[in-house]
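J.: I have a structure here, written as structure tokens, and I will follow up with some questions on it.
The values are calculated or read from the model by the stated rules, or taken from the named source; none is laboratory data. Here the structure is a predicted model, which is why all the values come from computation and not from measurement. Backbone-built Cβ (ideal geometry, glycine too); neighbour counts: all protein chains shown.
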Amino acid sequence: MDGNFNENDLSRVVEADRAHVWHHLSQHQPYMNADAAKQVDPRIIVEGKGLRVWDQKGKEHIDAVAGGVWTVNVGYGRESIANAVRDQLVKLNFFGGTAGSIPGALFSEMLIDKMPGMTRVYYASSGSEANEKGFKMVRQIAHKRYGGKKHKILYRDRDYHGTTIACLSAGGQDERNAQYGPFTDGFVRVPHCLEYRKHEQDGAPDENYGVWAANQIEEVILREGPDTVGALCLEPVTAGGGVITPPDGYWERVREICDQYDVLLHIDEVVCGVGRTGTWFGYQHYGIQPDIVTMAKGVASGYAAISCCVTTEKVFDMFKDDASDHLNYFRDISTFGGCTAGPAAAIENMNIIERENLLENCTAMGDYMLDQLHALGDKHAVVGQARGKGLFLGAELVQDRDSKTPVDEKIVAQVVGDCMQQGVIIGATNRSLPGKNNTLCFSPALIATKDDIDQIVSAVDGALGRVFG
Ligand SMILES: Cc1ncc(COP(=O)(O)O)c(C=O)c1O
């Protein structure tokens, strides 16, 4: 094989993929079925433009999930990003992160400008890796300042922070974690804050649920001992755990609790960061100040791999306070954190968002889409709740609105499959929470128009009608 192929006949590509590629999150049996009638081809996405992608058969799809995993925030086919990356690669493609680079320095300045109160950017190449950096900082601070004692990291039920063993140890999705233990010590779970399912939480009140849910975190801190808890890691809006928008009062109380017990607040913006919810960062909706912020997917919209772990100067200072101690600095490296394509793409990605007013579009189109999803709820009883912020939306499907019994994951998958048949790619929570993978997910690129949204919602409408009658 020579890497060349005939663009008009991608059968060779499909066969090479079937034979050798191990797809993410995929059961391969349907691609390999010995019974030819039952065999399906792996899907190859060949091309993209704006909000649309084309597969190996030339079929056009509108992509309502920004590359399947909430990533391509500025849409496909952006030549200005490709050009910025190309220009940078021929000048300097890489140098290890002990040195700086021109795009690395310039992007850090742009980013910090959008994050008042934060000052330092540590580069890596995936969301999981950025979160690991945050965890390592917390652990090292515990050793440097608290004799190793204040090392526990709290994470929340239903949240996800990545795929490595340490990130799964901080993972609140039991089905995603299943079969990958044993996990790392020192990670402790706190309850979720999904008001729609508060009936499943003992003692949840009718009023002021947000403050109550935050106070559950305080209870865990008191139970574990505040002198053992170093950090709390939360998604601003939970993504794969069911698109959970925090209830009123939650974040403000969370910040108070962290201050009271000297617990660092690490916000995982891997999905929400750089525009997805209509502000640069999800936490900025709630007027709170984090200590550590991680981000990845939307930072360069998938045009290059980049992630960042951003801290306050106070956190950074803890790693440079005593230069006479030879271990007293952040002794961490990420080889591909030194790739210059990431920050070069990220600079142009951010320029596009500003030039095209995509935050404003995201807010306006997000409100419009949420209204349309609510209207679907008026028509289909199976839509228990539609929720979200900006163009980051979910619709939880239930068998019955009183009991809120979740629709089975296999049936939710039929809705996704029906939309795919119609040429609309939507997402759904899957293999995350035992018995609760029942939320349809939407995150179209921030360039989405009313027409795009109408097309997406109409496909879902048709699919719900066909699957549920
Ligand atoms: C909230 C959140 N954090 C972290 C990650 C991990 O990012 P990556 O897959 O780039 O390692 C994800 C991935 O979906 C995520 O949704």
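J.: Go through (1) closer than 20 Å to K450 by Cα; (2) in the same structural domain as T277 (by TED's automatic domain parsing); (3) not hydroxyl-bearing (S, T, Y) and name the single condition A344 misses.
T.: Answer for A344: the failing condition is (1).
J.: Test each condition in (1) outside any helix (DSSP H, G or I); (2) touching a Lys or Arg at 6+ places or on another chain (Cβ under 7 Å); (3) farther than 24 Å from I347 by Cα for Y122 and report the one that comes out false.
T.: Unmet condition: (3).
J.: Quick one: what pairs do we get from region 60-71, first residue within 15 Å of G240 (Cβ to Cβ), second part of a loop (DSSP other than H, G, I, E, B), C-beta under 6 Å, 6+ apart or different chains?
T.: Going by the 6 Å Cβ cut-off, the qualifying pairs are V65/S443; A66/V72; A66/S443; A66/A445; G67/G302; W70/V271; W70/S443; T71/G302.
J.: Tell me which of these P247 doesn't satisfy, since it passes every other one: (1) away from the ligand (no atom under 16 Å from the Cβ); (2) touching a residue at least 12 places away in the same chain (Cβ under 8 Å); (3) at positive phi.
T.: (3)
J.: From the list V121, V74, V90, V85, which one is within 30 Å of D418 (Cα to Cα) and either surrounded by 14 or more Cβ atoms within 10 Å (Cβ to Cβ) or at pLDDT 95 or above (or both)? Lay out the reasoning, then the answer.
T.: Numbers: V121 fails: within 30 Å of D418 (Cα to Cα); V90 fails: within 30 Å of D418 (Cα to Cα); V85 fails: within 30 Å of D418 (Cα to Cα).
None of the other options fit; the residue is V74.
J.: Residue by residue through region 232-242, note down the ones that are within 11 Å of the ligand (Cβ to nearest atom) and either assigned to a loop (DSSP other than H, G, I, E, B) or aliphatic (A, V, I, L, M) (or both). Before you say what the answer is, go through the steps one by one.
T.: From region 232-242, those within 11 Å of the ligand (Cβ to nearest atom) are 233-241; that's our starting set.
Within region 232-242, L234, E235, P236, V237, A239, G240, G241 meet the criteria.
J.: Continuing with this model, one more query. For region 222-231, give me the residue count where each residue is buried (at least 24 other Cβ atoms within 10 Å of the Cβ) and away from the ligand (no atom under 16 Å from the Cβ). Explain how you work it out, then say what you get.
T.: Filtering region 222-231 for residues buried (at least 24 other Cβ atoms within 10 Å of the Cβ) gives 229-231.
Subsequent filtering for residues that are away from the ligand (no atom under 16 Å from the Cβ) retains 229-230.
Here the count works out to 2.
J.: Now, a different point. Output the residues belonging to region 149-164 that are aliphatic (A, V, I, L, M) and near the ligand (Cβ under 7 Å from one of its atoms). Even if it seems obvious, please write down each step before you answer.
T.: Narrowing region 149-164 to residues aliphatic (A, V, I, L, M): 153-154.
Across region 149-164, there are no qualifying residues.
J.: So which of E207, E219 is free of Cβ contacts under 8 Å to residues at least 24 places away in the same chain, outside any helix (DSSP H, G or I) and either within 13 Å of the ligand (Cβ to nearest atom) or of a type outside the set (A, V, I, L, M) (or both)?
T.: Working: E219 fails: outside any helix (DSSP H, G or I).
Going through E207, E219 in turn, the sole match is E207.
J.: Related question: Among the residues of region 1-48 satisfying the criterion of being in a helix (DSSP H, G or I) and of a type in the set (S, T, Y), which is surrounded by the most Cβ atoms within 10 Å (Cβ to Cβ)? It would help to see each step written out before you state the result.
T.: Step one: of region 1-48, the residues in a helix (DSSP H, G or I) are 11-20, 29-32, 36-38.
Of the ones still in play, those that are also of a type in the set (S, T, Y) are 11, 31.
Numbers: S11: 11, Y31: 18.
Among residues in region 1-48 that are in a helix (DSSP H, G or I) and of a type in the set (S, T, Y), the one surrounded by the most Cβ atoms within 10 Å (Cβ to Cβ) is Y31.
J.: Further, regarding this structure: Among the residues of region 188-199, is there at least one that is touching a residue at least 60 places away in the same chain (Cβ under 8 Å), buried (at least 20 other Cβ atoms within 10 Å of the Cβ) and not in a loop (DSSP other than H, G, I, E, B)?
T.: Checking region 188-199: not a single residue is touching a residue at least 60 places away in the same chain (Cβ under 8 Å), buried (at least 20 other Cβ atoms within 10 Å of the Cβ) and not in a loop (DSSP other than H, G, I, E, B).
J.: Kindly provide the set of residues from region 266-320 that are of a type in the set (K, R) and out of contact with any strand residue (DSSP E or B) (no Cβ under 8 Å at 6 or more places or on another chain), ordered by number.
T.: Going through region 266-320, the residues of a type in the set (K, R) turn out to be 276, 297, 314, 320.
If the condition is that a residue be of a type in the set (K, R) and out of contact with any strand residue (DSSP E or B) (no Cβ under 8 Å at 6 or more places or on another chain), then K297, K314, K320 are the ones that fit.
J.: Cβ-Cβ under 7 Å, sequence separation 6+ or interchain: first residue in region 127-155 and among the polar types (S, T, N, Q) and assigned to a helix (DSSP H, G or I), partner at pLDDT 95 or above and away from the ligand (no atom under 16 Å from the Cβ). Which pairs?
T.: From region 127-155, the pairs are Q140/F330.
A quick yes/no check of all residues on (1) surrounded by fewer than 19 Cβ atoms within 10 Å (Cβ to Cβ); (2) modelled with pLDDT under 95; (3) under 16 Å from the mean Cα position of the chain (by Cα):
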{"position": "G388", "(1), (2), (3)": "no, no, yes"}
{"position": "F392", "(1), (2), (3)": "no, no, yes"}
{"position": "P406", "(1), (2), (3)": "no, no, no"}
{"position": "K410", "(1), (2), (3)": "yes, no, no"}
{"position": "Q414", "(1), (2), (3)": "yes, no, no"}
{"position": "I426", "(1), (2), (3)": "no, no, yes"}
{"position": "C441", "(1), (2), (3)": "no, no, yes"}
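J.: Would region 352-372 turn up any residue that is crowded, with 20+ Cβ neighbours inside 10 Å, closer than 30 Å to R139 by Cα and of a type outside the set (K, R)?
T.: Looking through region 352-372, none of the residues is crowded, with 20+ Cβ neighbours inside 10 Å, closer than 30 Å to R139 by Cα and of a type outside the set (K, R).
J.: Let me ask you something else. Answer yes or no: is there a residue in region 300-316 that is modelled with pLDDT of 95 or more, more than 20 Å from R120 (Cα to Cα), surrounded by 20 or more Cβ atoms within 10 Å (Cβ to Cβ) and hydroxyl-bearing (S, T, Y). Working first, answer last.
T.: The first filter runs over region 300-316 and keeps only residues modelled with pLDDT of 95 or more, leaving 300-316.
So of that shortlist, the ones also more than 20 Å from R120 (Cα to Cα) come out as 301-304.
If we keep only those that are surrounded by 20 or more Cβ atoms within 10 Å (Cβ to Cβ) too, we end up with 301-304.
Next, from what is left, pick out any that are hydroxyl-bearing (S, T, Y): 301, 303.
Yes, the conditions are met somewhere in region 300-316.
J.: Based on this model, can you work out whether I141 counts as over 16 Å from the mean Cα position of the chain (by Cα), away from the ligand (no atom under 16 Å from the Cβ) and under 19 Å from H266 (Cα atoms)?
T.: Numbers: over 16 Å from the mean Cα position of the chain (by Cα): yes; away from the ligand (no atom under 16 Å from the Cβ): yes; under 19 Å from H266 (Cα atoms): yes.
So I141 fits the description; yes.
J.: What are the residues in region 92-119 that are over 22 Å from the mean Cα position of the chain (by Cα), touching a residue at least 60 places away in the same chain (Cβ under 8 Å) and not in a loop (DSSP other than H, G, I, E, B), if any?
T.: Correct list: F94, I102, P103, G104, L106.
J.: Counting only residues that are out of contact with any Phe, Trp or Tyr (no Cβ under 9 Å at 6 or more places or on another chain) and either acidic (D, E) or part of a strand (DSSP E or B) (or both), which one in region 266-294 is nearest to the ligand (Cβ to nearest atom)?
T.: Across region 266-294, the extreme among qualifying residues is T294.
Yes/no per residue for (1) assigned by TED's automatic domain parsing to the domain that holds R120; (2) surrounded by 21 or more Cβ atoms within 10 Å (Cβ to Cβ); (3) closer than 28 Å to F316 by Cβ; (4) not hydroxyl-bearing (S, T, Y):
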position	(1), (2), (3), (4)
E219	yes, no, no, yes
G242	yes, yes, no, yes
G275	yes, yes, yes, yes
G287	yes, no, yes, yes
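J.: Starting from residues that are without any contact (Cβ under 8 Å) to a residue 12 or more places away in the chain and not charged (D, E, K, R), keep the ones in region 295-326 and report whichever is farthest from the ligand (Cβ to nearest atom). Let's see the steps before the verdict.
T.: Taking region 295-326 and keeping what is without any contact (Cβ under 8 Å) to a residue 12 or more places away in the chain, we get 317, 320-326.
Narrowing the set further to residues that are not charged (D, E, K, R) leaves 323-324, 326.
Values: A323: 33, S324: 36, H326: 31 Å.
Only one residue fits best here, namely S324.
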